[in-house]
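Working notes, structure below.
The values are calculated or read from the model by the stated rules, or taken from the named source; none is laboratory data. This one's a predicted model, so the numbers in the text were calculated from it and none came from an experiment. With ideal geometry, Cβ positions are generated from the backbone for all residues, glycine too; neighbour counts draw on all protein chains shown. Keep in mind that these areas ignore ligands, DNA and RNA; they rest on the heavy atoms of the full protein, side chains included. Shrake-Rupley method; radii C 1.70, N 1.55, O 1.52, S 1.80 Å.
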Amino acid sequence: MPRGRVSASVALCLGLASGLWLGCGDKPAPPPPPPPAVPDARPADAGAALTIDELPLGAADLAAFGWRRRAGQRAFRQARIAEGREDWARVVTLCTQALAADPGHLDAAWLIAIGFAELGQLDRVLAPLRQAAAGDFAKWGPASLEHPALAAFLATPTGEAWRRRVELDRARYAAALARALIVTADGDLYGVEVDTGRWHRLTRTVGAVLGALEAPAARQIAYVARVKRAGKRELGIGTIDLARGRGSRPVPVGSAGPIAVAYSAQPPIGFWVATGGPRAIAWRQFDDEYHFHALAKATPRPPGAWLEITGKLSVRVHALPSNVTADWDEQSLASAIRIGSSNRIVSVPSPGLIDGNTAAWSPDRVHLAFVAQLDDHCAAGAVNTAVFVADAATGGARELERSASGIAVTWLAERRLAVAGDHGVTVRSLDDGVAPVAIAGATGLMSPRERPRCAPVSAADAPAADGEPAGDDGEPVDPTGAEPAH
């Protein structure tokens, strides 16, 4: 092996020689098969700084993030107890067991890296650190440059190379989120790169997210989730900065709802929150440091889209489209709309009503997609919502999909959309002969599903409510606002 090269597979397997690869019993158990040998740290030439090769960011599917339900979680929980006692040798032993049972347990990979660092075994830090940061960069990439236990590692030549790797991956991660489709799955938000199938975890509430609002110009998302504080359930707000690849845990708003969230592009810039219902006029700004600042009582809601949650299951984004006029009723429904640029009238078969809050222009503004309520029946299983796409030049509308459980739509490109309906999330093309492509595991889009106003919401569509909102390790969600590092 050339001088200066640090191999992830070799670093992970060093535990075998030191007797740390133990099974769950008293007898040693063999480690998981090492990955194929790849150069991950090497000098470009004599005297040059080390470089660490990139790994694919994110995961190949949603299931990869489910390590809390797999075989390594029991040993990992015991490792957390040992961490609390600062028994780092025990931490390493238990995390080794967790990784032997489940090589994809990213929590264990991160914690064993910390354990190696605390024990002064700096040559063993890189491999598990690499694994954790590549799998969930937003949580462990930046944290790896800030955790006090890693200071000595970062001072080594390999640590300096790791700093450079993190900065390169930060740019790669932001680029991945820029092209990703934001979906919901298991009650959390993920970014999915549709063309490559890579998944990136955006929230870590273990099923507690209720709704989200995007501020596209700011490249930010605010989400609302259930939290528990002082033994009481309430709502919390968190943010995701897509440009920086950073996010926060939900911060309690001091109310169980209703809640309204909007974004202001004028000072004070940022997301605003109001509790007490959509007509509440006492807004608070939620700043980048995850603190609330009360605004003057007479301050009006900022213009643009806003999120309303009137109950645990009633979530709606209010966002009437530009260049479209209609005789909207109090629920933003209309039997027909007029396209301003062409003066064309768009309608759907009677008694259908177009939901203005769902209408969205394609990036080239040639097509307008929207959800329509087909009828007002509330019978169980009634298929009474559908997605349509209208041609702005002709006014002709084309139906894409119907749903009984509500439906949502968002644009991916000029002629490609994502639709959340009865069969999960599918990517559809406006070109003839192109079959829809399902995104396995995704249950919804960031925009909530639209249902007929009279239709009751099925409990199956609600976020999981078993137990309390929990963190990645199964512990209650920490409402401090910052992503903790173990």
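Listed by first and then second residue, the pairs with beta-carbon distance under 7 Å, at least 6 apart or on different chains, first residue in region 389-402 and touching a residue at least 60 places away in the same chain (Cβ under 8 Å), second surrounded by fewer than 15 Cβ atoms within 10 Å (Cβ to Cβ) and of a type in the set (S, T, N, Q), form an empty list. Only one entry of 175, 89 meets the criterion of being surrounded by fewer than 20 Cβ atoms within 10 Å (Cβ to Cβ), under 30 Å from residue 417 (Cβ atoms) and not acidic (Asp, Glu), and that entry is 175. Among the residues making up region 219-273, those that are out of contact with any Phe, Trp or Tyr (no Cβ under 6 Å at 6 or more places or on another chain) and of a type in the set (Ser, Thr, Tyr) are 223, 239, 255. Among the residues examined, residue 226 qualifies as open to solvent by less than 70 Å² (accessible area, probe 1.4 Å), under 22 Å from residue 446 (Cβ atoms), modelled with pLDDT under 95 and not in a loop (DSSP other than H, G, I, E, B). Taking region 102-141 as the range and being in a helix (DSSP H, G or I) and either surrounded by fewer than 21 Cβ atoms within 10 Å (Cβ to Cβ) or free of Cβ contacts under 8 Å to residues at least 12 places away in the same chain (or both) as the test, the residues that pass are 118, 122, 123.
Beta carbons closer than 7 Å, at least 6 apart along the sequence or on distinct chains, pair a first residue in region 329-341 that is under 21 Å from residue 365 (Cα atoms) and in a strand (DSSP E or B) with a second that is of a type in the set (A, V, I, L, M, F, W, C) and open to solvent by 70 Å² or more (accessible area, probe 1.4 Å) for 336/345; 338/345.
I'd like to check something: does region 78-93 contain any residue that is in contact with a strand residue (DSSP E or B) (Cβ under 8 Å, 6 or more places away or on another chain), assigned to a strand (DSSP E or B) and either closer than 22 Å to residue 206 by Cα or modelled with pLDDT of 95 or more (or both)? No, that holds for no residue. The set of residues in region 403-426 being assigned to a strand (DSSP E or B), open to solvent by 10 Å² or more (accessible area, probe 1.4 Å) and in contact (Cβ under 8 Å) with a residue 40 or more places away in the chain consists of 409, 410, 411, 412, 413.
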